[in-house]
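Scroll down for the structure; my scribbles are underneath it.
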Amino acid sequence: MNERIIGQVKRVSGPVIEAMGITDARMLELVSVGESRLTGEVIKLSGSGAVIQVYEETTGVAPYDNIYGTGLPLSLELGPGLLGTIYDGIQRPLTQLRELSGRFIERGVSAEALDRKKAWGFVPALAAGVDVAAGAVIGTVQETSRIEHRICVPPDVSGRLVSISPAGEYRVDETIAVVETSGGKRELSLMQRWPIRTPRPVAQRKPLNIPLITGQRVIDTLFPLAKGGTVAIPGGFGTGKTMTQHAIAKWCDADIIVYIGCGERGNEMTDVLTEFPKLVDPRTGKSLMERTILIANTSNMPVSAREASIYTGVTLAEYYRDQGYHVAVMADSTSRWAEALRELSGRMEEMPAEEGFPAYLPTRIAEFYERAGYVETLSGADGSVTIIGAVSPPGGDFSEPVTQHTKRFVRCFWGLDRQLANARHYPAISWLDSYSEYLDDVTPWWDERVGPEWATERKDMMELLQKEVRLLQVVKLVGPDALPDSQRFVIEVCTMFKNAFLQQSAFDDIDRYSTVEKQLRMLSIIMAYWRRGQAAIKRGVTLVKIRRVKAVQEIVKMKFTVPNESPEEFDRILARMERGIDQLEAIYA
Amino acid sequence: MLDEARRKLMSGREYVGASKIDGPLVFVRKTHPVGYRELVECVDSDGKVRLGMVLDTSDEVVVVQVFEGTNGLTMPGTRTRFRGKPLTVGVSDKMLGRVFDGLGRPIDGGPSPLADAEPDINGRPINPTAREYPRDFIQTGISVIDGMNTLIRGQKLPIFSGNGLPHNELAAQIARQAKLRGGATDFAVVFAAMGVKHDVARFFTKSFEETGTLDNVALFLSLADAPSIERIITPRTALTLAEHLAYDRGLHVLVVMTDMSNYCESLREISTLRGEIPSRKGYPGYLYSDLAELYERSGMIKGVKGSITQLPILTMPNDDISHPIPDLSGYITEGQIVFEREMSGRGIYPPVAGLPSLSRLMKDGIGEGMTRDDHPHLASQLFAAYSYVKDVRNLASVIGEEELTPLDHQYLEFGEFFERRFVNQRKDEDRTIEQTLDLGWEALQLLPAEELHRVTEEELNVHYHGDGQP
Ligand SMILES: Nc1ncnc2c1ncn2[C@@H]1O[C@H](COP(=O)(O)OP(=O)(O)OP(=O)(O)O)[C@@H](O)[C@H]1O
Ligand SMILES: [Mg+2]
């Protein structure tokens, strides 16, 4: 199929090839270049010339080498077998590539994204003779022990279901159904293809009012993210973007995780690959790898494939969304993707805008985040794609173009703070710079599901934190002794909140994940301490005495000592704290 | 149509004359179709051969970057041969104990070692599924590293230094003292010098000589007086040998690369000459990807005995950690050891800044069975306390030390002990991990127990109240 010659190489500069003698190439057509058949994509056409971005290292490509067209845009294979797999940026399965070319990724090797030999147990959901619309579920395959893969009619097909195979074992490319469409018969298999740069259609978009629970207290309680929402995590190197993304990938309540390692470290992907299979999802008791797809286009892999990896990831997410699942996409890091755009643009000698980035950078960022959403799928189910994008600003300076433009298109912002990270306050999400526009939308959910006091306790705590900022400015000038106990107690409670609540260790078996119930209980205890302590100080008890109440130490360590499964322990801590303050009041007030 | 085999045949052809020479770049017109990144030989009028590589190729003109510089080349007198293959370097374990230039040619007077393999110096990306996640603790004998920023076998951990700070001493001390717990292993050091002075190279050679390890060291020197363009190849040559030693010969290789800032400057030079659109401070937009091509050539491979640990050294221009060179490096490497001029001024060696330094692979390589069970919490507590020390010092500088609370005074004492006793050590002092950790607890004893939120009751009982015995 590769034998349609569409032109020849004219010039090679890195991953960008100028072509000449172009006859019938199409925009965004997938091509292969030269005798080693390097994969590429047509990204510009003009007269008899074209520009091709090549997804592999171009060493050895020379002028007059042939360029072969495939007639198709760069598309993914979508079907059972995606979960638990690790792909590169253009969906080459890395485990298979390793079998083919060993520990290094050689050029020109390719392997099918979905295993053609494996048979899957298909159970039809419909009988022949019915009319099927685009997106209709015609049957299911148990893909992993926790995920039922729903085989849907592709978005561009509808008509009468002429035949459908009986329950049985089928390989992904075997025909399992035939649909009579207005344009003729279409054979369907367990697998379909979809171009990565085209969003998959949905019936309609729905409001976002269900939180994506991540188990990370600073996120869920202070800056909640909604299912179908978008969030950016900007931060300088080593401030905790990847750790935060990993923590969310592990513990969030999405059904499916797509983790895109875009221009980052190889070892981080290996970390996920070795750790996830061993970790158990607290909700289902199944291995976390059973819900995860990894895209690894590490920093030393070709930049064009890095550019594509983001779209590959979000297309996979949309495919599972269309089956009625809630999918969370982590992109680490979108800055590396933007830099890939910049490099490709520079090689094409386009006019740069800010800091060498092409003028279309904001459009591309917007288009990417636009693919998130909570939707009604074509088959009428609810599904969502949530996008969590890391941003790596040069010098940690948030005023640079990628951070600034991303901020325009996301509704939630978890700003990582260098000072916090240096002090090993993790996650280093700043409570002053971060925000969530989903707060009001998800408050009813917390009200109903967890407790009506959540919204007020949260608000009171945020106010205390603001107050603390002003008090700390005073302390910086005159020292803490100048403040009265009532004001020092504000600082005291905020410090407790930071240590006992906001800081959360990703490495502690108990602390790494908190249920919403645990989060609210912890918040309430700290607020109870605030109210009781404040009242006691008014009655004349000194701060020094309050601080010595034994239960205070228990509050500080409760995140480590009270597991998610035993919330009743919080009642005891609360009672001991109240008793301690009661006693003080009895003596000193 | 011209395939690679035909191109090999054309590799004998010689083109006389260049259409333009600009810095290290030579432009040649009317050639046969030449492959991107092909190896090039440029012959000057004296018949001396200089190696280069194709940077840009088209049906009209080929741009060649000449590694040995273009000094003395003339437009009509330059003859060019395209070799039809990428730049390779012959590698073998016989290269240990020898000294080479940046392109891998011996400069110690000895003969060229017989090559066992001849890989492309650019390497290829390691398949992430083939990597083994690094978790073996390397004891360097240096407390601030072992205790707080643990080095792991297969890690890339750069030293962010400044001019005149003792980064070479620290790198040499690590190379001398590094050992795995539980005994000796087959190790080797590959040393790449880019644009540093002769005395730096001599310092390292001497240090290896004194410990009798020179036979396990291969040096690649592209010193300050060599053409700056050669620096672009030097780390690649060195890493190609490192890969051979690690993955084909099963050695644990420590790669020291100094000074990465010189490397980046050469890259900027070429980029500017080619008129590329710069990103920050004139460095090319692909500096990140280019550095990643080097730094990612470290790690461990499943089923293979050897490993590559990288210790790149870079001097931060103006001690500015947000400068593109340290900044982009920090985004790629697995942590960083950051030097602080002020610490050095106070006579503390190694002058490692407590807070901005970080080892990201530490988490999986320390604790029970690897170092000691109390290590993770102890390190975390030391970081937290030391970070508070910094706040107290700031406060003290405004309101005066007398105004501080008694607790804050205790923190100041802790800070002093931490810097003077824990961080500070002799250049030949080799502490065991137990000594390091015990010293850490000794520092914490200057603080009241209620302040130590990050350690457990049991740890307090054993190491703070008790005598270290459970
Ligand atoms: N929640 C956390 N708990 C414990 N340690 C953390 C946490 N978050 C970050 N860290 C520490 O910070 C280090 C750096 O974090 P991480 O790798 O996520 O940074 P990053 O922002 O992704 O950096 P880069 O941009 O360079 O990739 C980790 O190796 C770990 O030591
Ligand atoms: Mg990261």
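No value in this document is a laboratory result; all are computed from the given coordinates. In this text the structure is predicted, and so the values were computed from the model without any measurement. Note that we place each Cβ from the backbone using ideal geometry, even for glycine, and neighbour counts take in every protein chain shown.
Some points to look at:
- Inter-site label distance for residue A:64 and residue A:473 at 7 Å from Cα along Cβ, in nm: 7.3
- Rounded tilt (10° steps) of A:303-321 against the dominant C-alpha axis of chain A: 80
- Förster radius 35 Å - calculated FRET efficiency between residue A:435 and residue A:553, Cβ distance, rounded to 0.05: 0.60
- Separation of alpha-carbon centers, region A:1-74 and region A:174-197, rounded to whole Å: 29
- Taking packing as the residue-averaged number of other Cβ atoms within 10 angstrom, the listed peptides B:199-205, B:341-347, B:261-267, B:189-195 run from highest to lowest as B:189-195, B:261-267, B:199-205, B:341-347.
- Phi angles of region A:277-294 translate, via the Karplus equation with coefficients 6.51, -1.76, 1.60 and θ = phi - 60°, into HN-Hα couplings of x, 8, 7, 10, 5, x, 7, 10, x, 9, 4, 5, 5, 5, 10, 10, 10, 10 Hz per residue; Gly and Pro are given as x.
- Taking 15 Å as the cut-off, the amide N atoms of region B:419-438 that come nearer than this to a point 7 Å along the Cα-to-beta-carbon line of residue B:210 belong to B:426-430.
- Sequence-separation-based contact order of chain B, relative, with Cα cut under 8 Å and 6+ spacing, percent: 16
- Anisotropy class of the protein assembly as shown from Cα gyration tensor, a/c 1.5 cut: oblate
- Distance (nanometres) between label positions extended 7 Å along Cα→Cβ at residue A:167 and residue A:283: 2.7
- Rounded if a/c under 1.5, otherwise prolate or oblate - region A:62-184, Cα gyration tensor axes: oblate
- Region B:125-153-region A:285-344 distance, computed between alpha-carbon centres (Å): 27
- Phi to ³J(HN,Hα) by Karplus 6.51 cos²θ - 1.76 cosθ + 1.60 over region B:133-148, Hz, x for Gly, Pro: 5, x, 8, 8, 5, 9, 7, 9, x, 10, 4, 5, 7, 4, x, 10
- Counting only residues at least eight positions apart within a chain, or on another chain, the lysines with an alpha carbon under 21 Å from that of residue A:278 are A:250, A:286, B:302, B:363.
- All lysines inside 22 Å of residue B:48 as judged from Cα atoms, apart from same-chain residues fewer than 8 positions distant: B:20, B:85
- Working ranking of peptides A:434-447, A:493-506 by packing, defined as the average number of other Cβ atoms within 10 Å per residue, highest first, is A:493-506, A:434-447.
- Sequence-distant residues sharing a close amide H with residue A:434 (under 5 Å, placed H): A:415
- FRET E, pair residue B:446, residue B:179, Förster distance 41 Å, beta-carbon r, rounded to 0.05: 0.85
- Cα long-axis angle, helix A:485-497 against chain A (0 to 90 degrees, to the nearest 10): 30
- Unsatisfied cross-links (Cα-Cα over 21 Å) in the set A:498/A:557; B:206/B:427; A:518/A:545: A:518/A:545
- Shape class of region A:4-73 from the alpha-carbon gyration tensor: rounded, with the ratio a/c of largest to smallest axis under 1.5.
- Amide H contacts of residue B:70: none lie under 5 Å away among residues 5 or more positions distant or on a separate chain (H built 1.01 Å from N in the peptide plane; Pro and chain starts excluded).
- Distant-in-sequence amide contacts of residue A:181, defined by a placed amide H-H separation under 5 Å and a gap of 5 or more residues or a different chain, comprise A:186.
- Distance between region B:18-79 and region B:397-470 - C-alpha centres, whole angstrom: 61
- All aspartates and glutamates inside 12 Å of residue B:30 as judged from Cα atoms, apart from same-chain residues fewer than 8 positions distant: B:14, B:59, B:60
- Crossing angle, helix B:433-444 versus chain B [Cα axis fit, 0-90 degrees, rounded to tens]: 50
- Of the beta bridges in chain A, as assigned by DSSP with both residues counted there, near 70 percent are antiparallel.
- Antiparallel %, DSSP beta bridges [both residues in the protein assembly as shown], to 5: 65
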